[in-house]
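Colleague: This structure is in structure tokens; I'll ask about it shortly.
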Amino acid sequence: MTPAFSLSQAEQLERDAKLEDAALIYAGILTRNPKNTRAQKALEGLRKRLQSQRDPSPVHQANLEATLADGRHFEAAESCGALLQTFRESHFLWDFLGRCHLSAGHLDNAATCLNKACGLNPRAAGTYAAMGRVQAARGAFDNAMALFEKALTLNPGCLPALRGKAETLSLQGRSRTAAAALRKAVALAPGDAALHLALAGLLGQLGAAAEAKEHYTRAAGLDPDLAEAHYQLGLLLKAEGRFADALPCFDRVLQISPADDRARTQRLHVLAELSDWRWVREYSGCRRQLGLRGSGCDPSALMLLEDNPDLLRARAQAFASDLFPAAGPQAAAAAAAAPDRPARLRIGYFFSAASSTAVLSQHAAMLAAHDRSRFEIRAYVTGPGLAESTAADIRRTGSVLRQLDGTASDQEIAAVKADHLDIAVDLSGYAQGNRMHPFSARLAPLHIAWPGYPGTMGTAVFDYLISDAATCPPGSERYHNEHLLRLPHGLSAMLPAASEPTGAPSRADCGLPADAFIFCCFAAASQITPREFGIWMRLLHRAPGSVLWLLDHGEHSVSNLRRAAAADAIDPDRLIFAPPAARAGHLARLPLADLFLDTFTVNACAAARDALSAGVPVLTLPGRQFAARTGASLLQAAGLPGLIAADTEDYEAKAVELATDAEAAARLRSLLLERQQQAPVFSPSRFARQAEEAYDAAYGRYLQGAEPDHLAPGPAGPQHS
């Protein structure tokens with residue numbers, strides 16, 4: 001572009017009263033040719049006309065704000081700098097440039113610009129709010145709060161100050177006060193989708209799921225392209241078991257951002273929960289990259305789709321890198337100066353409120369059976385929503401209970417560290433959306449993961465993973481970031497259910513045929529895939545009159561499974577669906593079944609444990625990942641290795657034999673009742689002793705100043721593997 005053309009363009013802009021644009025063109029000409037007298041004179045005259053203006057026009061201000069809001073902070077800063085050549089005393093431009101630097105993470109430059117803006121207009125509330133954000137980014141929370149309060153004194157309705165105050169309060173673990181600030185902001189700007197989104201996130205942390213859902217819905221309605229609102233709304237609906245309602249939320253996210261792996265993972269999981277096996281083909285088209293690009297994806301959902309432990313470990317590592325960005329392993333050098341083992345080793349068990357029912361079902365008996373003369377037991381429940389009855393159950397185990405809000409604030413971490421734990425044990429892992437933020441800090445000399453989430457946590461934050469030879473046979477070490485702490489007799493213990501429970505229903509009460517062989521599986525719908533379901537349909541073909549008893553997971557799942565049965569030429573009425581029931585009622589009806597059929601990619605685990613407790617034999621087929629081998633672990637510990645199939649043909653053959661040979665089925669049932677009196681898995685006290693031996697072995701190694709290693713503690717002492 002020639003200087004003459006540029007001059008002509010600038011002059012036309014002057015005639016159109018677009019003075020700032022004209023000034024920018026004149027300045028550009030002089031940058032290239034400082035001796036252009038025509039441009040010099042024009043710019044001088046224009047600046048005299050602009051002297052009465054301290055700030056650029058509202059149109060220019062709006063354009064700059066739009067550029068910054070679009071995330072183009074470098075472009076916005078460059079345009080702002082050019083305008084400052086003309087409007088050197090513009091409060092708006094210095095404030096705006098400071099906010100550009102803040103968005104880019106250039107905190108020192110941001111502070112310089114904002115201080116200049118404050119000098120030009122010391123009563124501008126927004127500038128103090130931006131200065132507060134700079135201080136918060138530096139971790140100077142007290143200074144940040146003082147600046148936000150200054151802004152609100154000048155203007156009680158300053159939205160940036162209310163938003164910054166809420167964010168800082170949240171970082172300090174003061175979520176309720178933060179939510180109050182955001183509620184005020186939302187009341188002032190009810191049409192601001194971002195404010196509804198931020199408030200919903202805080203309400204979710206506080207356990208106010210219904211109110212959070214309302215604000216996510218408002219945010220999505222105000223801004224249909226706000227993907228995070230749709231995603232979080234989908235998660236809340238999914239947590240309520242409303243899978244069919246959650247599916248459109250994740251679909252909308254994928255319409256907005258087709259490469260969003262988080263939403264893709266949740267969509268696949270929801271389809272599996274609906275027994276909609278379209279997920280199998282969809283997954284095959286994205287399995288190589290899913291969870292390995294962009295943000296990490298929920299490992300508890302991913303493990304349902306895949307039995308490749310190498311791939312699952314890589315995905316868990318990607319997820320953990322976001323969750324535990326700065327955490328590292330135990331430092332053995334620091335351990336060298338540790339004193340002898342204390343008389344009572346202090347163990348802290350951590351689990352989320354959301355998974356507390358499942359955790360207590362698996363571990364309450366062990367917690368109660370710990371040797372209090374040698375171990376002090378503390379229970380830490382993270383996140384909101386712990387029922388008082390559940391808290392009472394925890395206290396009945398003899399454990400000291402501490403409830404944490406789950407934000408991993410400095411105060412929360414300090415409170416845990418003040419308890420001086422010797423070992424911190426995570427019982428939830430990633431199950432049910434749990435994130436276990438406290439473990440991002442070193443809470444105790446040793447961190448141990450216990451597989452409430454049956455797989456590696458994918459991070460060096462945890463020194464050991466509780467396992468056994470069945471879930472983690474020799475050679476599986478490479479699938480885990482943690483060192484394996486293999487117990488000799490399984491991963492949990494249970495008490496046998498009452499042989500004749502009070503009020504036990506009859507088969508007729510449960511809609512079951514009186515004389516038929518009853519196959520059952522009470523796993524989650526997402527754990528039932530076409531692979532095992534096809535085998536189950538063949539079993540019904542080969543065992544005339546038999547039926548398959550499943551949990552009723554809602555009309556969509558029931559309809560899809562009945563349709564799949566019909567496609568295999570099985571009368572859909574041979575699938576009988578049990579309604580949801582309280583655990584006591586479920587245990588009472590379980591003995592009506594003859595054989596529990598385990599699922600493959602992820603074993604039924606808790607459901608299989610309940611079956612064995614109720615005296616119902618379980619047939620399993622081990623896979624490769626940890627979650628696909630928990631059934632084998634249970635059966636080994638129960639002294640029933642004959643129910644561990646070698647392959648799918650063996651699984652089918654064993655099931656057919658039991659269904660068609662009444663004497664064999666009766667002998668097996670009697671054997672299980674016998675094992676309930678003898679096997680370690682049915683003795684919580686024996687199980688507690690083996691857990692304590694494992695803790696002593698790991699802690700003894702720590703006292704020696706040695707790095708963690710794969711260990712297999714037993715009566716003869718710890719074995720290195």
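Colleague: Taking square-rooted eigenvalues a ≥ b ≥ c of the alpha carbon gyration tensor, is the range 115-183 rounded, prolate or oblate, where a/c under 1.5 means rounded and, failing that, a/b exceeding b/c means prolate?
Modeller: In terms of gyration-tensor shape, oblate.
Colleague: Still on this structure, please answer the following. How much accessible area per residue does the chain have, in Å², with a 1.4 Å probe? Spell out each step's value before the answer.
Modeller: Working: 30060 Å² over 721 residues.
Solvent-accessible surface per residue comes out at 42 Å².
Colleague: Which one, VAL461, ILE394, PRO505, is farthest towards the positive end of the dipole of the chain when Lys and Arg carry +1 and Asp and Glu -1 on their Cβ?
Modeller: VAL461
Colleague: Another question about this same structure. Quick check: residue separation of ARG176 and ALA66 times 0.36 nm, minus the Cα distance between them. What number comes out in nm?
Modeller: 36.4 nm
Colleague: Order the following by accessible area, largest value first: ASP307, ASP573, ASP340. Probe radius 1.4 Å; ligands, DNA and RNA are ignored.
Modeller: Descending accessible area places them as ASP340, ASP573, ASP307.
Colleague: Ordered by residue, what ³J(HN,Hα) values in Hz, to whole numbers, does the range 592-600 give under the Karplus form 6.51 cos²θ - 1.76 cosθ + 1.60, where θ = phi - 60° and Gly and Pro are x?
Modeller: Working through the residues one at a time gives 5, 7, 9, 8, 8, 9, 7, 8, 9 Hz.
Colleague: Quick check for me: using +1 on Lys/Arg Cβ and -1 on Asp/Glu Cβ, what's the dipole size of the range 571-706 about its Cα centre, in debye to the nearest 20?
Modeller: Dipole size: approximately 580 debye.
Colleague: Apply the Karplus curve 6.51 cos²θ - 1.76 cosθ + 1.60, θ = phi - 60°, to the phi angles in the range 568-581 and return the couplings in whole Hz, x for Gly and Pro.
Modeller: Ordered by residue, 3J(HN,Hα) equals 9, 6, 10, 4, x, 6, 7, 9, 10, 10, 8, x, x, 8 Hz.
Colleague: Just to verify a number: FRET efficiency for ASN155 and ALA582, C-beta to C-beta distance, R0 = 45 Å, to 0.05? Intermediate results must be reported in sequence, preceding the final value.
Modeller: Details: r = 54 Å, r/R0 = 1.20.
Given R0 = 45 Å and the Cβ-Cβ separation, E is 0.25.
Colleague: Turning to a different aspect of this structure: Can you give the calculated 222 nm mean residue ellipticity of the chain, where each DSSP H run of n ≥ 4 adds -39,500 (n - 2.57) and the sum is split over every residue, rounded to the nearest 500 deg cm²/dmol?
Modeller: Working: 31 runs with 371 residues, N = 721.
So the calculated ellipticity at 222 nm is -16000 deg cm²/dmol.
Colleague: Turning to a different aspect of this structure: Of the listed peptides 256-264, 577-585, 474-482, what is their order by residue-averaged count of other C-beta atoms within 10 Å, with the highest listed first?
Modeller: 256-264, 474-482, 577-585
Colleague: So what's the net charge close to THR153: Lys and Arg +1, Asp and Glu -1, counting the other residues with Cβ under 15 Å from its Cβ?
Modeller: Numbers: positive: ARG123, LYS150, LYS165, LYS184; negative: GLU149.
Neighbour charge sum, excluding THR153 itself: +3.
Colleague: Assuming R0 = 30 Å, can you tell me the calculated FRET efficiency for the pair ASN308 and SER685, based on Cβ-Cβ distance, to the nearest 0.05?
Modeller: On the way: r = 38 Å, r/R0 = 1.27.
Using R0 = 30 Å, I get an efficiency of 0.20.
Colleague: May I ask for the net charge around ASP594, where only other residues with Cβ less than 14 Å from the Cβ of ASP594 are counted and Lys, Arg are +1 while Asp, Glu are -1?
Modeller: Neighbourhood net charge equals +1.
Colleague: Can you give me the % of accessible surface on the range 161-268 that is carbon or sulfur? Probe 1.4 Å, all protein chains present, nothing else counted.
Modeller: C and S fraction of accessible area: 53 percent.
Colleague: Which shape class applies to the range 592-716: rounded if a/c is under 1.5, otherwise prolate when a/b exceeds b/c and oblate if not, where a ≥ b ≥ c are the square roots of the Cα gyration tensor eigenvalues?
Modeller: Because a/c hits 1.5 or more and a/b exceeds b/c, the range 592-716 counts as prolate.
Colleague: Let me ask something additional. In whole Hz and in residue order, list the ³J(HN,Hα) couplings for the range 244-250 that follow from phi through the Karplus curve 6.51 cos²θ - 1.76 cosθ + 1.60, θ = phi - 60°; x for Gly and Pro.
Modeller: 5, 6, 6, 4, x, 5, 5
Colleague: Under 5 Å between amide H atoms, partner at least 5 residues away or on a different chain: which partners does LEU484 have, H built in plane at 1.01 Å?
Modeller: LEU465, HIS710, LEU711
Colleague: Return the long-range amide H neighbours of ASP405 (sequence gap of 5 or more, or a different chain), with a cut-off of under 5 Å between placed amide H atoms.
Modeller: Answer set, sorted by chain and number: GLY383.
Colleague: Got a sec? Which residues in the range 668-685 would a label at ALA504 touch, if it sits 7 Å along Cα→Cβ and we count backbone N under 18 Å?
Modeller: 668-677
Colleague: Net charge around GLN362, counting only other residues with Cβ within less than 11 Å of its Cβ (Lys, Arg = +1; Asp, Glu = -1)?
Modeller: 0
Colleague: Between GLU657 and PHE74, with labels modelled 7 Å along Cα→Cβ, what's the label distance in nm to one decimal, could you check?
Modeller: Using points 7 Å along Cα→Cβ, the separation is 6.9 nm.
Colleague: Compute the whole-percent fraction of alpha carbon pairs in the range 514-560 spaced more than 16 Å apart. Write out the running numbers ahead of the final one.
Modeller: Numbers: 457 of 1081 pairs.
Roughly 42 percent, rounded to a whole number.
Colleague: Between ASP552 and ALA646, what is the FRET efficiency for a Förster distance of 41 Å, r being their Cβ-Cβ separation, to the nearest 0.05?
Modeller: Step by step, r from the Cβ atoms, then E = 0.80.
Colleague: With the alpha-carbon atoms as the only input, what is the per residue convex hull volume for the range 361-428 in Å³?
Modeller: Hull volume normalised by residue count: 94 Å³.
The values are calculated or read from the model by the stated rules, or taken from the named source; none is laboratory data. Treat the numbers as computed from the prediction; the structure is a model and nothing was measured. A quick note on method: Cβ atoms are made from the backbone with ideal geometry, for glycine too, and the neighbour counts reach across all protein chains shown. What goes into the accessible areas is simple: the full protein's heavy atoms, side chains included, and nothing from ligands, DNA or RNA. Shrake-Rupley method; radii C 1.70, N 1.55, O 1.52, S 1.80 Å.
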